[in-house]
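Student: Before I ask anything, let me first share the structure, which is written out below as structure tokens.
The values are calculated or read from the model by the stated rules, or taken from the named source; none is laboratory data. The structure presented is a predicted model; accordingly, all values stated were derived computationally and were not measured. Positions of Cβ are backbone-derived with ideal geometry, glycine not excepted, and every protein chain shown enters the neighbour counts.
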Amino acid sequence: MAKELRELLLTAIQKGASDLHLTNGSAPILRIYGDLTPLPEEPLGPEDLKKMIYGVLTDTQKVQFEEEKELDFSLAMVGLDRFRVNVHLQRNCIEAAFRRVPLFIPSFDELGLPLVVANMARKKDGLILLTGPTGMGKSTTMAAMIQLINNERKCVIISIEDPIEFLHTNKKAVIKQREVFRDTHSFPEALKRCLRQDPDIIVVGEMRDLETISTALTAAETGHLVLATLHTPDAPQTIERIIDVFPPHQQQQIRQQLAACLQGVISQKLLPRADGKGRVLATEIMVATPAIRNLI
């Protein structure tokens, strides 16, 4: 890793930034509590960016980026936080966005999650959906739920992620973290294969397409607990998003499947604190009661 990039990442950690942006023609920019803050550095040029970004890529990643012009991966700093990295082109210049992933997984109390979320995580089967816009802490909440299960239950958890963010250590549970494009070809492929790997709980980093959603619903119906995320703002839009992915002739069947297996939807946002010192988690929770199932 180039010294310049390491110093920028350390600065991001020290300032409590959620993101670091490296952009051509601009000084490095941090996102702190939702606001963009340029660093007092010289603007970065194409050669600066290529040196810093290529310095953390493997030979395989370089080839993949040059072929696909997009790359997602995770980057670890020994003894410090991890980063989820997206490398891309902008006006034919390489750039990157680094999302900070804390080394330690926060507890439910530290996140301010209500007890009902813990009760959902203790379910034995069904589908739990965690939703919200990008950057609103879904990955952190999901990691806290996995950690709770790991502390309390003997089970096999298979987590399919793109890329892997928080690292889990086996406690009571056996946790297998599989990264898309590194450990498996795709979310749908990994999800189908994992049904043969004796899972009790399946974690889907993101339900992006019809095949992934369909397989997740089937897994939830057949005795597994499935935890998944979606980029929807609230429970009603989450239900409609799932159903609308399917062609009209299948939608009634999907409604019935979803009504039968859904345990709940947790929608969340990070809102600015009144004192301006950071952000707090706000959650909207829909528990799948009999009345909710009838409405679906």
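Student: Tell me, which residue of the stretch 259-273 that is assigned to a helix (DSSP H, G or I) and touching a helix residue (DSSP H, G or I) at 6+ places or on another chain (Cβ under 6 Å) is farthest from Ile201 (Cα to Cα)? Reasoning before the result, please.
Tutor: First pass over the stretch 259-273, keeping only residues assigned to a helix (DSSP H, G or I): 259-261.
In the following step, the residues that additionally are touching a helix residue (DSSP H, G or I) at 6+ places or on another chain (Cβ under 6 Å) were identified as 259, 261.
Details: Ala259: 19, Cys261: 14 Å.
Among residues in the stretch 259-273 that are assigned to a helix (DSSP H, G or I) and touching a helix residue (DSSP H, G or I) at 6+ places or on another chain (Cβ under 6 Å), the one farthest from Ile201 (Cα to Cα) is Ala259.
Student: Looking at (1) buried (at least 17 other Cβ atoms within 10 Å of the Cβ); (2) in contact with a helix residue (DSSP H, G or I) (Cβ under 9 Å, 6 or more places away or on another chain); (3) in contact (Cβ under 8 Å) with a residue 60 or more places away in the chain, which one does Cys93 not meet, given that it meets all the others?
Tutor: All conditions are met except number (1).
Student: Among the residues of the stretch 76-90, count how many are under 15 Å from the mean Cα position of the chain (by Cα) and either at pLDDT below 95 or buried (at least 17 other Cβ atoms within 10 Å of the Cβ) (or both).
Tutor: Initial filter on the stretch 76-90 (under 15 Å from the mean Cα position of the chain (by Cα)): 82-86.
Filter again for either at pLDDT below 95 or buried (at least 17 other Cβ atoms within 10 Å of the Cβ) (or both), leaving 82-85.
Looking only at that region, the number is 4.
Student: Also, quick follow-up: Filter the stretch 210-242 down to the residues that are part of a loop (DSSP other than H, G, I, E, B) and under 16 Å from the mean Cα position of the chain (by Cα), then identify the one that is surrounded by the most Cβ atoms within 10 Å (Cβ to Cβ). Give the steps one after another, and end with the answer.
Tutor: We begin by selecting, within the stretch 210-242, every residue part of a loop (DSSP other than H, G, I, E, B); these are 222-224, 231-234.
With under 16 Å from the mean Cα position of the chain (by Cα) added as a condition, the list becomes 231-233.
Working: His231: 15, Thr232: 19, Pro233: 16.
Checking each candidate, the answer is Thr232.
Student: Name the residue that is nearest to Met136 (Cα to Cα), counting only residues in the stretch 14-56 that are touching a strand residue (DSSP E or B) at 6+ places or on another chain (Cβ under 7 Å) and part of a helix (DSSP H, G or I).
Tutor: Step by step, filter the stretch 14-56, then rank; the result is Ile53.
Student: Further question on the same structure: Return the residues of the stretch 274-296 that are in a strand (DSSP E or B) and either surrounded by 14 or more Cβ atoms within 10 Å (Cβ to Cβ) or charged (D, E, K, R) (or both); say none if nothing qualifies. Don't jump to the end; show me each part of the working.
Tutor: First, pick out the residues of the stretch 274-296 that are in a strand (DSSP E or B): 279-287.
Those that are in a strand (DSSP E or B) and either surrounded by 14 or more Cβ atoms within 10 Å (Cβ to Cβ) or charged (D, E, K, R) (or both): Arg279, Leu281, Thr283, Glu284, Ile285, Met286, Val287.
Student: Here is a follow-up. Could you say whether any residue in the stretch 141-155 is part of a loop (DSSP other than H, G, I, E, B), at pLDDT 95 or above and crowded, with 19+ Cβ neighbours inside 10 Å? Give the derivation first.
Tutor: Going residue by residue through the stretch 141-155, those that are part of a loop (DSSP other than H, G, I, E, B) are 153-155.
So of that shortlist, the ones also at pLDDT 95 or above come out as 153-155.
Pick out the ones that are also crowded, with 19+ Cβ neighbours inside 10 Å and you get none.
No, there is no match, as no residue in the stretch 141-155 is part of a loop (DSSP other than H, G, I, E, B), at pLDDT 95 or above and crowded, with 19+ Cβ neighbours inside 10 Å.
Student: Sort out which residues of the stretch 118-170 are free of Cβ contacts under 8 Å to residues at least 24 places away in the same chain and touching a Lys or Arg at 6+ places or on another chain (Cβ under 7 Å), and write them in order of number. Talk me through it step by step, then tell me what you get.
Tutor: Filtering the stretch 118-170 for residues free of Cβ contacts under 8 Å to residues at least 24 places away in the same chain gives 119, 151, 154, 169-170.
Within the stretch 118-170, Asn151, Lys154 meet the criteria.
Student: Anything in the stretch 118-129 that is buried (at least 16 other Cβ atoms within 10 Å of the Cβ) and of a type in the set (A, V, I, L, M, F, W, C)? List them, or say none.
Tutor: The initial filter retains those residues of the stretch 118-129 that are buried (at least 16 other Cβ atoms within 10 Å of the Cβ), namely 120-121, 125-129.
Met120, Ala121, Leu127, Ile128, Leu129 - these are the residues of the stretch 118-129 that are buried (at least 16 other Cβ atoms within 10 Å of the Cβ) and of a type in the set (A, V, I, L, M, F, W, C).
Student: Take the stretch 103-117 and flag every residue that is buried (at least 16 other Cβ atoms within 10 Å of the Cβ) and either free of Cβ contacts under 8 Å to residues at least 60 places away in the same chain or charged (D, E, K, R) (or both). Write out each step before concluding.
Tutor: Going through the stretch 103-117, the residues buried (at least 16 other Cβ atoms within 10 Å of the Cβ) turn out to be 105-106, 108, 111, 113, 117.
Those that are buried (at least 16 other Cβ atoms within 10 Å of the Cβ) and either free of Cβ contacts under 8 Å to residues at least 60 places away in the same chain or charged (D, E, K, R) (or both): Pro106, Phe108.
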